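Q: Questions regarding the structure given below will be posed in turn.
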Amino acid sequence: MDALRRKKIQQKAQRKFKIRGFTLRIDAVEKVISFVSGFEEAEDEALDLLVDEISKESLKSSILDKDSVDRVVNRLLDAEAATESGISTSGNLSALRVIDAFVMPKFFYDPIKRVFKEHNAKLLIHGEASAKAALYRDRFQLLHQRLSRDRHFSRPAFDVEMTYSESSEITPIHSLVGCTGRKWIIGVISQLEDGRFFLEDLTAAVPVNLSNAKITSGFFVENTIIVAEGELLIHGIFEVYTCGFPPLEDRDPSLSLLGGLDFFGGGSFSKDETARLAELEKNAVNDMFVILSDVYLDNDETLAKLATVLDGYESVEVIPSLFVLMGNFCSRPCNLSFHSFSSLRSQFGKLGEMIGAHPRLRDGSRFLFLPGPYDVGPSTVLPRCALPKYLTEDLQKHIPNAIFSSNPCRIKFFTQEIVFFRQDLLYRMQRSCLITPSKEETIDPFEHLVATITHQSHLCPLPLTVQPIIWNFDHCLRLYPSPHTIVLGDRSEQKAFKYTGITCFNPGSFSNDSTFVAYRPCTQEVELSSL
């Protein structure tokens, strides 16, 4: 290979990997050049495919060495996905990227410069005490900066005479002292004293009375951030008359203010690349994801039902692009009293044999596995890491392209951003609710749940005493900017609900109710299915 072509490939590779948030070591660069140079007529396509496949890997670092690249290159070559004909027809293969929670970039808001900045320091699993304070501060500032752009709550640019009904300017809590009349404030519902609740912002805290408040849809629990209208009474309690969650912001305005920062973790794209992917997405009308939750591998009846589902999709004309199997994978919690790990390992092996017995699905579909709240893992804290290799290596012998990711996890399909989260969240939110949910707009608990997590821009806004979260990785549960689709795996009733343009659904419990979902990302069509 001549030096000019080699330098050109190197520059392209480093640029494309940098856009996705990766840095190539020298030995990794050599491996990339070696792979791409074999496709003289399709260098760009080969490089795009390699970058996409590496983006789906569960990597511990954004700095790629030779082994990380070599593993993916060998898999592509073994699958003959890197032949010239394969590259020209593998648009959908390279369009699907799985993002593990532990490799997502972290950003924080700078209220002085009014911009988001990337957190470049190493994120420790066991954070210092300051990390817990930063968790609450970052959540608050994320929603506060969003609220500050809402025209109903922002200060007028010029001094104009406004009626009371038009004025909804936010007052910092420390400024309430000495003020009379109704005021709007934003704060976190906190229990700073036993049995006594406060609204707290970055300036101060004030005790509140929520018992007479008129509320919007959603679950108001401790730790949620609310916007409240009320009055500071003479005895120092803020009487809330009306309260709700901070208003949502459409996805496009949010993206336009981020300056190209990649909050989702799937890589940033130029306008030309985005337009190209959007065009390919329009043509991907046959792509379908099949999503199942609560797949108990130790239950013969569940395995028989799963075999029926696989048989059905094996015989269709266009097979699904992706099968997502979410835990729990065992009918009883895998805690300290669980002593059947070898048995569970063999059950994963049997699942691999079952999938391997369906050659069209084995070769043409991907299989993504996410752990449930009671599956094997270090603890029940969120986010949960992928299933341990000890359990899954027998399955991978039969399904080499199986993907094991964290919970939650994210998928980028062309331009679509999809979030998967397996947690029995609805029950916990209802148990932790401080105020009876409003029945004016809906009485459906799932719709209240969707309203809560979307307005909070967070998958699990429960108190940390109810659901612990790794302090330094709270950003992995953020929903900002709003994704296109949120999949909430919950053992409650199967549901689908489209809220402010965001498609949300719960596939139900496959083992208990025989329910699952077929989802078409191109049209965001949700097909609620059952056996």
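The values are calculated or read from the model by the stated rules, or taken from the named source; none is laboratory data. The model shown is predicted, which means the values in this text are computed figures rather than measured ones. Reconstructed Cβ throughout: ideal geometry from the backbone, glycine too, with neighbour counts over all protein chains shown. With ligands, DNA and RNA removed, areas are computed over all heavy atoms of the protein, side chains included. Shrake-Rupley method; radii C 1.70, N 1.55, O 1.52, S 1.80 Å.
Q: State whether region 418-531 is rounded, prolate or oblate according to the following rule on the C-alpha gyration tensor (a ≥ b ≥ c being the square roots of its eigenvalues): a/c under 1.5 gives rounded; otherwise a/b larger than b/c gives prolate, and the remaining case gives oblate.
A: The shape class here is rounded.
Q: Report, in whole Å, the centroid distance computed from the Cα atoms of region 460-531 and region 339-370.
A: What the calculation gives is 23 Å, centre to centre.
Q: With every protein chain in place, what's the accessible area of SER432 (1.4 Å probe, Å², nearest 10)?
A: Accessible area, nearest 10 Å²: 30 Å².
Q: Continuing with the same structure: Between the alpha-carbon centers of region 190-252 and region 1-48, tell me the distance in whole angstrom.
A: So the two Cα centres are separated by 53 Å.
Q: Sequence gap at least 6, Cα distance under 8 Å: using those rules, report the relative contact order of the chain to the nearest whole percent.
A: Computed over the chain, the figure is 15 percent.
Q: Which entries of LYS7/LYS122; LYS305/LYS350; LYS18/LYS66; LYS18/LYS397; LYS214/LYS439 have Cα-Cα distances beyond 21 Å here?
A: LYS7/LYS122; LYS18/LYS397
Q: In Å², and per residue, what accessible area does the chain have when probed at 1.4 Å with the other protein chains present?
A: Spelled out: the 1.4 Å probe surface of the chain, per residue, equals 46 Å².
Q: Given a 1.4 Å probe and every protein chain left where it sits, what share in percent of the accessible area of the chain is carbon and sulfur?
A: 51
Q: For GLU314, what is the net charge nearby, where nearby means another residue's Cβ is under 10 Å from its Cβ and Lys, Arg count +1, Asp, Glu -1?
A: Neighbour charge sum, excluding GLU314 itself: +1.
Q: Let me ask you something else. Which far-off residues, 5 or more places away or on another chain, put their amide H under 5 Å from the one on TYR499, with H placed in the peptide plane?
A: Excluding prolines and chain starts, which carry no amide H, the hits are CYS504.
Q: Over the C-alpha atoms of region 424-465, what are the Rg and the largest Cα-to-Cα span, Dmax, in Å?
A: My reading of the Cα-based Rg and Dmax gives 10.1, 31 Å.
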